[in-house]
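One structure is given here, and the rest of the page talks about it.
The values are calculated or read from the model by the stated rules, or taken from the named source; none is laboratory data. Computed from a predicted structure; not experimentally measured. Don't worry about glycine lacking a Cβ; one is built from the backbone with ideal geometry, like all the others, and counts go over all protein chains shown.
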Amino acid sequence: MSHAYHSPIIGDARARYEDVLTTLTFRPPTREIVSTITGNSIRALPSARYPKLLAQQFVQPVRLRQAIESHYAVGGRVFVECGPKWPLCTYVDDTLQGREHLALPTLHPKVGEAEQLQRTLAHLFVLGATSLPALHTFT
C-alpha cells in the first residue's frame, strides 16, 4: 500500500475484517512481536484477543515511534520494511539516529522487486539471520 490508511474513512471494513480474523487460529508468538497499535509487545496478550487488536489497525493511529523504541529496547537492531519503497526505513533511521541499527527495504522501484529482495535477504544472511525466528516483527 502506498499510504497509511489508518483512519475512520475505512472504518466500515473493520467489522468484516475482524469477522474473518476470528475464523483463523492464532498461537502465541515464538518471537517478539510489537504492535504498532499499542507500541508494545503482544507476547502477554492472549491469542484470542488478536483479531480485535488487528482490526484496530484500520482506524487507530499508528504508534510507530513507540514500536521502534520497544523493539530496540529488547535488542532489535535490524528493521526490514515490507512495503512500497522505503519511507519506514527513513522513519526508523530518524527515530534511532546515532544508535546502532540497520533499516532495510524489500522493495525499491529503481532497483526492481526481485533484485531488492535478494539484496535484503543477502544483508540478513551476512548479519547472521539464517531463519525468520531470529527477526523481530511489527504488526
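Go through the stretch 81-115 and count every residue that is buried (at least 19 other Cβ atoms within 10 Å of the Cβ) and acidic (Asp, Glu).
Summing the residues that are buried (at least 19 other Cβ atoms within 10 Å of the Cβ) and acidic (Asp, Glu) in the stretch 81-115 gives 1.
Quick check on this structure: which one of Phe58, Phe26 is farther than 19 Å from His71 by Cα, in contact (Cβ under 8 Å) with a residue 24 or more places away in the chain and within 15 Å of the chain's Cα centre (by Cα)? Don't jump to the end; show me each part of the working.
Numbers: Phe26 fails: within 15 Å of the chain's Cα centre (by Cα).
Among Phe58, Phe26, only Phe58 is farther than 19 Å from His71 by Cα, in contact (Cβ under 8 Å) with a residue 24 or more places away in the chain and within 15 Å of the chain's Cα centre (by Cα).
Any residue in the stretch 76-90 that is over 11 Å from His101 (Cα atoms) sitting within a Cβ distance under 6 Å of a residue that is polar (S, T, N, Q) and loosely packed, with under 14 Cβ neighbours inside 10 Å? List the pairs, counting only those 6 or more apart or interchain.
Pro84/Ser2
Of everything in the stretch 42-55, what is in a loop (DSSP other than H, G, I, E, B) and either surrounded by 12 or more Cβ atoms within 10 Å (Cβ to Cβ) or touching a residue at least 24 places away in the same chain (Cβ under 8 Å) (or both)? Give them in sequence order. Working first, answer last.
Here is the first cut: in the stretch 42-55, the ones in a loop (DSSP other than H, G, I, E, B) are 42-46.
Across the stretch 42-55, the qualifying residues are Ile42, Arg43, Leu45.
Conditions first: (1) acidic (Asp, Glu); (2) in contact with a helix residue (DSSP H, G or I) (Cβ under 9 Å, 6 or more places away or on another chain); (3) without any contact (Cβ under 8 Å) to a residue 40 or more places away in the chain. Glu32 passes all but one, so which condition is the exception?
(3)
Going through Gly39, Gly83 one at a time, which residue ends up being in a loop (DSSP other than H, G, I, E, B), out of contact with any strand residue (DSSP E or B) (no Cβ under 7 Å at 6 or more places or on another chain) and at positive phi?
Working: Gly83 fails: at positive phi.
Testing whether each residue is in a loop (DSSP other than H, G, I, E, B), out of contact with any strand residue (DSSP E or B) (no Cβ under 7 Å at 6 or more places or on another chain) and at positive phi leaves just Gly39.
I'd like the residue in the stretch 1-36 that is at pLDDT 85 or above, of a type in the set (A, V, I, L, M) and not in a helix (DSSP H, G or I) and, out of all such residues, is surrounded by the most Cβ atoms within 10 Å (Cβ to Cβ).
Val34
Among the residues of the stretch 56-80, count how many are hydrophobic (A, V, I, L, M, F, W, C), out of contact with any Phe, Trp or Tyr (no Cβ under 8 Å at 6 or more places or on another chain) and either surrounded by fewer than 15 Cβ atoms within 10 Å (Cβ to Cβ) or assigned to a loop (DSSP other than H, G, I, E, B) (or both).
Residues flagged as hydrophobic (A, V, I, L, M, F, W, C), out of contact with any Phe, Trp or Tyr (no Cβ under 8 Å at 6 or more places or on another chain) and either surrounded by fewer than 15 Cβ atoms within 10 Å (Cβ to Cβ) or assigned to a loop (DSSP other than H, G, I, E, B) (or both) within the stretch 56-80 amount to 4.
I'd like to check something: does the stretch 100-113 contain any residue that is over 17 Å from the mean Cα position of the chain (by Cα), β-branched (Val, Ile, Thr), farther than 25 Å from His6 by Cβ and assigned to a loop (DSSP other than H, G, I, E, B)? Steps first, answer last, please.
Pass one, the stretch 100-113, residues over 17 Å from the mean Cα position of the chain (by Cα): 100, 108-113.
Still in the running and β-branched (Val, Ile, Thr): 111.
Filter again for farther than 25 Å from His6 by Cβ, leaving 111.
Now narrow it down to the ones that are assigned to a loop (DSSP other than H, G, I, E, B): 111.
Taking every residue of the stretch 100-113 in turn, at least one turns out to be over 17 Å from the mean Cα position of the chain (by Cα), β-branched (Val, Ile, Thr), farther than 25 Å from His6 by Cβ and assigned to a loop (DSSP other than H, G, I, E, B).
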